[in-house]
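Asker: Quick one: structure below, then a few questions.
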Amino acid sequence: MKVFAVIFFALLVCLVSLNAEGSTNVIIPKPRLFIPLDSHFLLNDQTHYYSDAPLALNAVNYLQEHLLLQAGYKLKTGQSGVPNTIDYLRDPDLKQEAYTLDVTADKIVIRANSQAGFFYATVSLMQLMDPVIWSLHKSDVPRKSWMMPSCSIEDAPRFQWRGMMLDTARNFFSVAYVKKFIDRMAQHKLNLFHWHLTDDEGWRIEIKKYPLLTQIGAKRGPGTALPFSFYPAMRGPKDKLEEGYYTQDEIREIVAYAAKRSVNVLPEIDIPAHAKAAVTAYPELLQDPNDKSRYTSIQKVSNNTIDAGLESTYVFLENIVKEVTTLFPFEYIHLGGDEIPKGAWSKSPAVEKLMQTEQLKNIQEVQDYFFTEMDRILARHDRKMVAWQEVREHNTALRDDTIIIAWRGNGAGVKAAKKQQKVIMAPAQYLYFDQQYVKSSGEPGHTWAGPTDTQDAYSYDPTAQISDEDVKGSIQGVHGCLWSERAPTEAIADYLAWPRIFSLSEIAWSPQKERNWDDFKRRAFGKGMQRLESQTISHRDTSK
Ligand code: TNX
């Protein structure tokens, strides 16, 4: 009888705590440990904050900006440990990005050991508040007090790199949109903004030394030199000019904005293929005049590849790298390397000569030569290489810290991990958010790797088929990709991204054993959606 009573009591405790967590843990991505407590904290215009860590100031400011808009006041500075205070305390024992957050009835205590840790504690805290706190429109009727459920959180990320790619080449997105995109990533503890800046359909980064890259390469439409691509989705209306690029000042502004949110910016200059915009702007530097090769890319763009046999190619690209390093402090630059079309370089006398002098046997070896040279250029400018998986499938000469992004399927990443190569997992079947959610002619998005609904995305476990030993040195993180051929407007881009970015953030941040679709669904389709709505982010609102 006694045994039954104990079991019954234990079950009751479990149920009560499950239920309590059910209603109070609304955080995305799910924290490593969340213990609900039975009270709440009320934030009001008498709430103070105390900080013993300059590293916390950035996070405090983030909260203050939102409070000012929605509550009409800011927290005043005060003393540690006093009731109605938020304490930001440095804890040297916590790892990079880790934090603890304790909300009790009379105070809130945040501990971290890095700018990122304080920031993540703050966004978790804000997710416990009414979703309206996320709105960027000043409230006409400021909300005076904010209730937060008491809880105790210990949190740290699963992966070091938690990335999201935005393709601003196929379709241009404004500076304001790019900032919003980064802010929303940061709200969900993603920390690597992969900025696809160049492609066949547009060159979007100002390069002072080569002004034609943007004068010619950032415009398509009537009266321009850059031809429209074959696919209508990338083409837009025939009679309309599609143009836009980011000035160097705008880029610096975006990088600084991202840094305040603990987001690093990884610029991508996609070479040698996917470069129609660049070769249209500077054919004399980037194409062999005697090249008789005629080929089209998988996206049906003709002759879009920079010639690997020309000396001027490497001079040009080194100058680009030089300018890129002045804009992006991040230690890595992404150099593309995907989808070199069959037939490219096959009739280029310059490449033929290169093959003789360097004793290269085939086009694959030419590609490897090209990236080995690019790796040397990056090394000279104190940068390391990220590239699409194709770049390291055969090349053994690249530096060990080169990171590849495995996109063609999970198998590609598994293979790289087994070779102990550094890899970011971005399998198209799960994490390409340019794919349709469900197969339907009414849905935006590509179909080639999908459909991928939010639950499909959520089901991905990057290390499922890899031994712990191989995971260690190899898996750097996970990445979602939002290509924009099928996203001609911000609203469509947002619809494709959300709620799938919720799934990504949880794959990237939360321990696999803590992840569970039903619990995720409750948070994502409950408070998660309300947070999106308070920011007027368009999104899909069913899990299918
Ligand atoms: C493949 S993924 C591409 C992109 C397209 C995308 C469309 C990769 C490295 N290349 O150029 O935009 O598919 O889903």
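Every number here is computed from the coordinates shown, using simple stated rules; none is lab data. As the structure is a computational prediction, the values presented were derived from the model and not from experiment. No Cβ is skipped: glycine too gets one built from the backbone with ideal geometry, and neighbour counts run over all protein chains shown.
Asker: Helix 175-187 versus the longest principal axis of the chain: what is the Cα-based angle in degrees, 0 to 90, to the nearest 10?
Answerer: 50
Asker: Please work out the Cα convex hull volume for segment 89-134 and give it in Å³ per residue. Display every interim value, and only then the final one.
Answerer: Details: hull volume 3.1 nm³, N = 46.
Dividing the Cα hull volume of segment 89-134 by its residues yields 68 Å³.
Asker: Additional query: Once the other residues with Cβ under 13 Å from the Cβ of Asp45 are scored (Lys, Arg +1; Asp, Glu -1), what is the net sum? Walk me through the numbers before you get to the answer.
Answerer: On the way: positive: Lys74, Lys76, Arg143, Lys144; negative: none.
Computed value for this residue: +4.
Asker: In segment 22-155, what percentage of the DSSP-assigned beta bridges are antiparallel, given to the nearest 5?
Answerer: Details: 18 of 30 bridges.
Counting DSSP beta bridges with both partners in segment 22-155, the antiparallel share is about 60 percent.
Asker: Over segment 405-544, what number does the Rg to Rh ratio reach, with both radii from the alpha-carbon atoms and Rh per Kirkwood? All intermediate terms of the calculation are to be shown ahead of the outcome.
Answerer: Working: Rg = 15.3 Å, Rh = 15.5 Å.
Ratio of gyration radius to Kirkwood radius for segment 405-544: 0.99.
Asker: Using bins 10 angstrom wide from zero, how does P(r) for segment 284-434 break down, in % of all Cα pairs?
Answerer: 11, 36, 37, 16, 0
Asker: Can you give me the Cα centroid spacing of segment 287-353 and segment 69-142 in angstrom?
Answerer: Cα centroid of segment 287-353 versus Cα centroid of segment 69-142: 48 Å apart.
Asker: Rounded to the nearest 0.05, what FRET efficiency is calculated for Trp517 and His137 with R0 set to 30 Å and r the Cβ-Cβ distance?
Answerer: Numbers: r = 33 Å, r/R0 = 1.10.
Here the calculated transfer efficiency is 0.35.
Asker: Still on this model: Relative to the longest principal axis of the chain, what angle (0 to 90°, nearest 10) does the C-alpha long axis of helix 2-24 take?
Answerer: It works out to around 60 degrees.
Asker: For segment 161-534, what is the relative contact order in percent, using Cα pairs closer than 8 Å and at least 6 residues apart in sequence?
Answerer: Working: 738 pairs, mean separation 60.7, N = 374.
So the answer I get is 16 percent.
Asker: In segment 239-321, which trypsin sites (Lys or Arg not before Pro) are in a loop and have at most 14 other Cβ atoms within 10 Å, using DSSP for the loop call?
Answerer: Working: sites: Lys240, Arg252, Lys260, Arg261, Lys276, Lys292, Arg294, Lys300; in loops: Lys240, Lys260, Arg261, Lys292, Arg294, Lys300.
Those that pass, being in a loop and sparsely packed, are Lys240, Lys292, Arg294, Lys300.
Asker: Which of the GluC sites (Glu not before Pro) found in segment 16-99 are loop residues per DSSP with 15 or fewer other Cβ atoms within 10 Å of their Cβ?
Answerer: Here no loop site has a sparse enough neighbourhood.
Asker: By how many degrees, 0 to 90 and rounded to 10, does the Cα axis of helix 115-128 deviate from the longest principal axis of the chain?
Answerer: Around 60 degrees separate the two axes.
Asker: Once a ≥ b ≥ c are taken as the square roots of the eigenvalues of the Cα gyration tensor of segment 57-121, is the result rounded (a/c under 1.5), prolate (a/b larger than b/c) or oblate (a/b not larger than b/c)? Don't skip to the answer; put the middle values down first.
Answerer: Numbers: a/c = 2.21, a/b = 1.34, b/c = 1.64.
Oblate, since a/c reaches 1.5 and b/c is not below a/b.
Asker: Turning to a different aspect of this structure: Let a ≥ b ≥ c be the square roots of the eigenvalues of the Cα gyration tensor of segment 22-155; is it rounded (a/c under 1.5), or, if not, prolate (a/b larger than b/c) or oblate?
Answerer: Numbers: a/c = 1.43, a/b = 1.23, b/c = 1.17.
Here segment 22-155 falls in the rounded category.
Asker: Continuing with the same structure: Can you give the net charge of the other residues whose Cβ lies under 12 Å from the Cβ of Asp288, counting K and R as +1 and D and E as -1? Numbers along the way, then the final one.
Answerer: Values: positive: Lys292, Lys347, Lys353; negative: Glu284, Asp291, Asp307, Glu311, Glu352.
Here the charged neighbours net out to -2.
Asker: Follow-up. Label points 7 Å out from Cα along the Cβ direction at Gln64 and Ser174: separation in nm?
Answerer: 2.8
Asker: Applying a 10 Å radius around every beta-carbon, put 427-436, 533-542, 105-114 in order of their mean neighbour count, most first. Please report the intermediate quantities before stating the final value.
Answerer: On the way: 427-436: 24.8, 533-542: 16.1, 105-114: 20.4.
Highest to lowest by the protection proxy: 427-436, 105-114, 533-542.
Asker: Provide Rg over Rh for the chain; use the alpha carbon set for both Rg and the Kirkwood Rh (inverse mean inverse pair distance).
Answerer: On the way: Rg = 25.1 Å, Rh = 24.8 Å.
That ratio is 1.01, to two decimals.
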